[in-house]
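Notes follow once the structure below has been shown.
The values are calculated or read from the model by the stated rules, or taken from the named source; none is laboratory data. None of these values were measured; they are calculated from a predicted model. Glycine gets a Cβ as well: all are built from the backbone with ideal geometry, and neighbour counts include every protein chain shown. These accessible areas exclude ligands, DNA and RNA; they are computed on the full protein's heavy atoms, side chains included. Shrake-Rupley method; radii C 1.70, N 1.55, O 1.52, S 1.80 Å.
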Amino acid sequence: MDGVPSFFAAPFGFIAGLFVFGRIARWLQVLLTLWKGGGVGSTSSAHRPQMVPLLLTSVAHPTPWLVLVGGIWSIHRLVIYPLTPGWGWFIVGFVGGPSIMIPLVVWRIRQLRLRLAKKVEPPAS
């Protein structure tokens, strides 16, 4: 019966994995927007990325630092201390959450795009 309580760590890992993945994805979206220059009021012509906001987003934003510190702490924790069943289930949930949700979200976006493409028909000439 010792394995049953440790199984309850998986949902917390699932939620933490979704949170971390969403945070990293949002930060990468900001970086790509700054790099491409797709901000509000931008023209369709290509231009050089603005380096100051890009540098500030890369260095001053908390997400890369949280990932760096969390990654180092996780590796240290896994190397120094033995992996208990509770931590094992947490890691399963942490990796399993995004790996289940990403394909579902991509599939749903694809369905919505196909549905919208069917509604928009070219005008009859």
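Give Val92, Val79 a once-over and let me know the one that is in contact with a Gly (Cβ under 7 Å, 6 or more places away or on another chain), of a type outside the set (Asp, Glu) and at pLDDT 85 or above.
Values: Val79 fails: in contact with a Gly (Cβ under 7 Å, 6 or more places away or on another chain).
Residue meeting the stated conditions: Val92.
Residues in the range 58-98 that are under 25 Å from Thr33 (Cα atoms), open to solvent by less than 50 Å² (accessible area, probe 1.4 Å) and of a type outside the set (Ser, Thr, Tyr): Pro64, Pro98.
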